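Trainee: Below: one structure in structure tokens.
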Amino acid sequence: MNDKNTPRALLSVLDRLIDLDPESQTELPPTPTEALDRLREGVRRDVEALLNTRERCRGWPDVFGELDESVVGYGIPDFSITSIQGGNWRVLVCRQIEAAIRRFESRLSMVRVTLPEKGDRMDRSARFRIDALLSADPAPEPVSFDTVLEPTTRRVNVSTGR
């Protein structure tokens, strides 16, 4: 049952332009479940891009404070000069990730980044969990993303949480 009155997630412009099946001449509109899944995947992809972008390392004069909210301030700080093993550092990174997501990913609200319990002691990667509410119609949808910061490459991998 797919009618025009059925609420569904509104995909981003980019996601609406991406042709998932270029060989097909016609495409059916996604079901509400498919649209929500595609919205979740698009947000996951965009959060991963945000967390893999480093913001400008030097600031600007206070009179240009609006630049923090613009594309010029997009990304997270470069943590390559710090050790990712210290406890205080990990809490700071959680706050930085939360702030970046709140600032640049308007489809998510009530963002919370936490540190999962220590797992494998031989694993040197930094792991974080992102929990938030995804703006969707008719009601916000809870989402979780498992995030891994690789210490050697400083690459952030974001996957859908379990």
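The values are calculated or read from the model by the stated rules, or taken from the named source; none is laboratory data. The structure displayed is predicted, hence computed values, not measured ones. Heads up, the Cβs are rebuilt from the backbone with ideal geometry, glycines too, and the neighbour counts pull from every protein chain shown.
Trainee: Restricting to the range 136-162, name every residue that is farther than 16 Å from ARG112 by Cβ and either part of a loop (DSSP other than H, G, I, E, B) or touching a His at 6+ places or on another chain (Cβ under 9 Å) (or both).
Mentor: ALA136, ASP137, PRO138, ALA139, GLU150, PRO151, THR152, THR153, ARG154, ARG155, ARG162
Trainee: Go through the range 10-40 and count every residue that is free of Cβ contacts under 8 Å to residues at least 60 places away in the same chain, in a helix (DSSP H, G or I) and not hydroxyl-bearing (Ser, Thr, Tyr).
Mentor: 10
Trainee: Of ALA126, ALA99, which residue is more than 15 Å from VAL43 (Cβ to Cβ), out of contact with any Phe, Trp or Tyr (no Cβ under 7 Å at 6 or more places or on another chain), surrounded by 12 or more Cβ atoms within 10 Å (Cβ to Cβ) and at pLDDT 90 or above?
Mentor: Matching residue, one of ALA126, ALA99: ALA99.
Trainee: Here's something else I'd like to know. Output the residues belonging to the range 53-78 that are modelled with pLDDT of 70 or more and either surrounded by 14 or more Cβ atoms within 10 Å (Cβ to Cβ) or not in a helix (DSSP H, G or I) (or both).
Mentor: THR53, ARG54, GLU55, PRO61, GLY73, TYR74, GLY75, ILE76, PRO77, ASP78 - these are the residues of the range 53-78 that are modelled with pLDDT of 70 or more and either surrounded by 14 or more Cβ atoms within 10 Å (Cβ to Cβ) or not in a helix (DSSP H, G or I) (or both).
Trainee: So, in the range 141-156, of the ones that are modelled with pLDDT under 85 and polar (S, T, N, Q), which residue ends up nearest to LEU50 (Cα to Cα)?
Mentor: Only one residue fits best here, namely THR153.
Trainee: State which residue is modelled with the lowest pLDDT when the search covers only the range 104-123 and only residues that are over 21 Å from LEU36 (Cβ atoms) and of a type in the set (Val, Ile, Thr).
Mentor: That would be THR114.
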